[in-house]
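These notes are about the structure you will find just below.
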Amino acid sequence: MTASTLAPPSTEILVHGGFDLAAAAGFLMGFAPAGQAEAEPGALRMAFPVDGVWTPAGALLRQRSPGVVEVEVHGPEEHTEAVVAQVTRMCSLDVDATEFPAAGHRDPVVSLLQDLHPGLRPVLFASPYEAACWAVLSHRIWMTQAVRLRRRLTDRLGTEVDVGGVRLPSFPAPRELAKLEYLPGAPAHKLQRLRGIAQAAADGLLNAAALRAMPAEDALKQLQQLPGVGRFSAELILIRGAGHPDAFPRGESRLHEIMREAYHLPDASIAELTEIAESWAPFRSWASFLFRVEGEARMRESR
């Protein structure tokens, strides 16, 4: 058997608590920054630079049973373990969700969301680095504009990865992004901030495990030292990049509006909404994600 016909390495992730890979794939197809089309019903393909070493790699995920997700790794064999760990985090499978239904038992609104989106866990950016880049690209512009900028950036500096017969773009590694001098449609200050993010990632300042090990407020303060990163962006990086499961986004006004409508509290302050979210612990990020997903679904239906 030649090297070209060898099957890619594969392994299994054991799932603790409810999880539906098809729901995760469905979310990712509708998430504009991902820009991924369905290639195999129920499967999920990903391509990304491996966190910390930044080599392009890919993974193909299939759920063979409720408690097992199979991961087929497409990339250098020496990075197989790192790729599996990264996709485990990206699908929020590194968190035991056995007690997540209890948040619904304490809050009937969350219970309804869990019923509407069974098995849906937060689907994350590939790394805090990618989340930080998205925060910079999308700041103060329309989503469609930010998506175009990200696509141009990936086309210009990224790498395509063959993931089970489908070629997917991998986001540029920090060393490539650090060279960026021009990107059509991107002002000079955004390019400068992106280069700063790239340097921070190369210096190990955007390590997911380290960020999650810190108290959330300490991690947010550290992230706000990055160029162009305020409270909203820091929360995006910590929650949607590092995958912190229990941080309530105090800077996300859209989430707050969705909550005010859901709880029939049109004048609720951020402090009051934060107090409501206390009952979701230790899954405040997860419950917030479901509010956001449902709010965006209703917005699409109303168009």
Scope region 269-294; condition surrounded by 17 or more Cβ atoms within 10 Å (Cβ to Cβ), of a type in the set (Gly, Ala, Ser) and farther than 16 Å from Arg121 by Cα; matching residues: Ala277
Sole residue being touching a Lys or Arg at 6+ places or on another chain (Cβ under 9 Å), modelled with pLDDT under 95 and either on the phi > 0 side of the Ramachandran plot or aromatic (Phe, Trp, Tyr) (or both), chosen from Gly228, Gly243: Gly228
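Filter region 110-131 down to the residues that are of a type outside the set (Asp, Glu) and surrounded by fewer than 18 Cβ atoms within 10 Å (Cβ to Cβ) and list them by number.
Taking region 110-131 and keeping what is of a type outside the set (Asp, Glu), we get 110-114, 116-129, 131.
Ser111, Leu112, Leu116, Pro118, Gly119 - these are the residues of region 110-131 that are of a type outside the set (Asp, Glu) and surrounded by fewer than 18 Cβ atoms within 10 Å (Cβ to Cβ).
Among the residues of region 64-82, write down those that are farther than 26 Å from Thr98 by Cβ and either surrounded by 13 or more Cβ atoms within 10 Å (Cβ to Cβ) or free of Cβ contacts under 8 Å to residues at least 60 places away in the same chain (or both).
Glu72, Val73, His74, Gly75, Pro76, Glu78, His79, Thr80, Ala82
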Some residue of region 162-178 being within 17 Å of the chain's Cα centre (by Cα) and among the polar types (S, T, N, Q): yes
Residue count, region 240-280 (criterion: within 26 Å of Ala209 (Cα to Cα) and of a type in the set (Val, Ile, Thr)): 1
Which listed residue, of Leu211, Leu180, Leu238, Leu168, is over 30 Å from Leu61 (Cα atoms) and out of contact with any Phe, Trp or Tyr (no Cβ under 6 Å at 6 or more places or on another chain): Leu180
Region 112-138 residues that are at pLDDT 95 or above and of a type in the set (Asp, Glu), paired with ones that are part of a helix (DSSP H, G or I) and surrounded by 22 or more Cβ atoms within 10 Å (Cβ to Cβ) (beta carbon under 7 Å, 6 or more apart): Glu130/Gly241
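Residue by residue through region 164-208, note down the ones that are surrounded by 15 or more Cβ atoms within 10 Å (Cβ to Cβ) and farther than 15 Å from Ala132 by Cα. Spell out the reasoning first.
Going residue by residue through region 164-208, those that are surrounded by 15 or more Cβ atoms within 10 Å (Cβ to Cβ) are 164, 166, 168-174, 176-178, 180, 183, 186, 190-191, 193-202, 205-208.
The answer is Gly164, Val166, Leu168, Pro169, Ser170, Glu176, Leu180, Leu183, Ala186.
Name the single residue, out of those in region 152-177 being assigned to a helix (DSSP H, G or I) and among the charged types (D, E, K, R), that is nearest to Asp203 (Cα to Cα).
Just the residues of region 152-177 that are assigned to a helix (DSSP H, G or I), to begin with: 152-157, 174-177.
From what is left, the residues that are among the charged types (D, E, K, R) are 152, 155-156, 175-176.
On the way: Arg152: 25, Asp155: 25, Arg156: 23, Arg175: 11, Glu176: 14 Å.
For region 152-177, the residue satisfying everything is Arg175.
Filter region 139-148 for residues that are in contact (Cβ under 8 Å) with a residue 40 or more places away in the chain and assigned to a helix (DSSP H, G or I); which is surrounded by the most Cβ atoms within 10 Å (Cβ to Cβ)?
Kept after step one, since they are in contact (Cβ under 8 Å) with a residue 40 or more places away in the chain, are these residues of region 139-148: 139, 143-147.
Cutting the leftovers down to assigned to a helix (DSSP H, G or I) gives us 143-147.
Numbers: Met143: 10, Thr144: 9, Gln145: 14, Ala146: 20, Val147: 17.
So the residue we want is Ala146.
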Residue within region 67-80 that is in contact with a Phe, Trp or Tyr (Cβ under 9 Å, 6 or more places away or on another chain), under 15 Å from Thr159 (Cα atoms) and at pLDDT 95 or above present: no
Qualifying residues in region 1-57 (those that are among the aromatic types (Phe, Trp, Tyr) and either assigned to a strand (DSSP E or B) or at pLDDT 75 or above (or both)) - the one surrounded by the most Cβ atoms within 10 Å (Cβ to Cβ): Phe48
Search result, residues across region 160-182 that are farther than 19 Å from Glu72 by Cβ, modelled with pLDDT of 95 or more and of a type outside the set (Gly, Ala, Ser): Phe171, Pro172, Pro174, Arg175, Glu176, Leu177
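Looking at region 58-115, which of the residues that are of a type in the set (S, T, N, Q) and assigned to a helix (DSSP H, G or I) is nearest to Phe27 (Cα to Cα)? Quick ask: steps written out before the conclusion?
Let us first name the residues in region 58-115 that are of a type in the set (S, T, N, Q), namely 63, 65, 80, 86, 88, 92, 98, 111, 114.
When the remaining residues are screened for being assigned to a helix (DSSP H, G or I), the result is 80, 86, 88, 111, 114.
On the way: Thr80: 25, Gln86: 18, Thr88: 16, Ser111: 19, Gln114: 15 Å.
Looking at residues that are of a type in the set (S, T, N, Q) and assigned to a helix (DSSP H, G or I), I get Gln114.
The values are calculated or read from the model by the stated rules, or taken from the named source; none is laboratory data. Keep in mind that this is a model prediction, so the values were computed, not measured. A quick note on method: Cβ atoms are made from the backbone with ideal geometry, for glycine too, and the neighbour counts reach across all protein chains shown.
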